[in-house]
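The values are calculated or read from the model by the stated rules, or taken from the named source; none is laboratory data. From a predicted model like this one, the values you see are computed outputs, not experimental measurements. Cβ: placed from backbone, ideal geometry, glycine included. Neighbour counts: every protein chain shown. Remember, those area values only see protein heavy atoms, side chains included, never the ligands or the DNA or RNA. Shrake-Rupley method; radii C 1.70, N 1.55, O 1.52, S 1.80 Å.
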Amino acid sequence: MILHIEHEVGDFDTWKQTAFDSDPLDRERMGVRRYLVARSMTNRNFVLVDLEFDSLEDAEAMHAALRRLWQAPLARIGEPKAQIVEIVEVKELQQPQV
């Protein structure tokens, strides 16, 4: 399962260092197996985060915890959107060039 999150931040570098990297919800304890952080090429402060879980229950628990965190006055992010998705297929078509 993937919890896919999108939102805008005031400054990507500040958000990454002070909010994401500080890991206030303890991703590992919450069951996150792997994560991916991306940002838009046209709006460098638009963030996309994928959190991968083994179970739907863990993904739902993290989603609930994030909704509570986003309500805190210090969470200065633009209207977060999140949804839990299931990976249906992954296929690598080309090997990266070194």
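Can you say whether residue 44 is outside any loop (DSSP other than H, G, I, E, B), open to solvent by 80 Å² or more (accessible area, probe 1.4 Å) and either in contact with a strand residue (DSSP E or B) (Cβ under 9 Å, 6 or more places away or on another chain) or touching a residue at least 12 places away in the same chain (Cβ under 8 Å) (or both), as far as the supplied structure shows? Give the derivation first.
On the way: outside any loop (DSSP other than H, G, I, E, B): no; open to solvent by 80 Å² or more (accessible area, probe 1.4 Å): yes; either in contact with a strand residue (DSSP E or B) (Cβ under 9 Å, 6 or more places away or on another chain) or touching a residue at least 12 places away in the same chain (Cβ under 8 Å) (or both): yes.
No: the conditions fail for residue 44.
For residues that are modelled with pLDDT of 90 or more and open to solvent by 90 Å² or more (accessible area, probe 1.4 Å), tally how many sit in region 75-86.
Residues in region 75-86 being modelled with pLDDT of 90 or more and open to solvent by 90 Å² or more (accessible area, probe 1.4 Å): 3 in total.
Taking region 26-41, which residues are surrounded by fewer than 16 Cβ atoms within 10 Å (Cβ to Cβ), over 11 Å from the mean Cα position of the chain (by Cα) and among the aliphatic types (A, V, I, L, M)?
Of everything in region 26-41, just one residue is surrounded by fewer than 16 Cβ atoms within 10 Å (Cβ to Cβ), over 11 Å from the mean Cα position of the chain (by Cα) and among the aliphatic types (A, V, I, L, M), namely 41.
Among 72, 61, which is the only one that is open to solvent by less than 90 Å² (accessible area, probe 1.4 Å) and either of a type in the set (Ser, Thr, Tyr) or in a loop (DSSP other than H, G, I, E, B) (or both)?
Going through 72, 61 in turn, the sole match is 72.
Under 6 Å between Cβ atoms, at least 6 apart or on separate chains: pull out the pairs that start in region 11-37 with a residue that is farther than 22 Å from residue 85 by Cα and end on any residue that is open to solvent by 90 Å² or more (accessible area, probe 1.4 Å).
12/44
Considering every residue within region 50-57, establish whether at least one is open to solvent by less than 100 Å² (accessible area, probe 1.4 Å), in a helix (DSSP H, G or I) and modelled with pLDDT of 95 or more. Please lay out each step first, then the result.
Kept after step one, since they are open to solvent by less than 100 Å² (accessible area, probe 1.4 Å), are these residues of region 50-57: 50-53, 55-56.
Next, only the ones that are in a helix (DSSP H, G or I) stay: 56.
Filter again for modelled with pLDDT of 95 or more, leaving 56.
Checked against the condition, which is being open to solvent by less than 100 Å² (accessible area, probe 1.4 Å), in a helix (DSSP H, G or I) and modelled with pLDDT of 95 or more, region 50-57 yields at least one hit.
How many of the residues in region 9-18 are buried (at least 16 other Cβ atoms within 10 Å of the Cβ) and either out of contact with any strand residue (DSSP E or B) (no Cβ under 8 Å at 6 or more places or on another chain) or assigned to a strand (DSSP E or B) (or both)?
Filtering region 9-18 for residues buried (at least 16 other Cβ atoms within 10 Å of the Cβ) gives 9, 12, 15.
Retained after the next criterion (residues that are either out of contact with any strand residue (DSSP E or B) (no Cβ under 8 Å at 6 or more places or on another chain) or assigned to a strand (DSSP E or B) (or both)): 9.
Count: 1.
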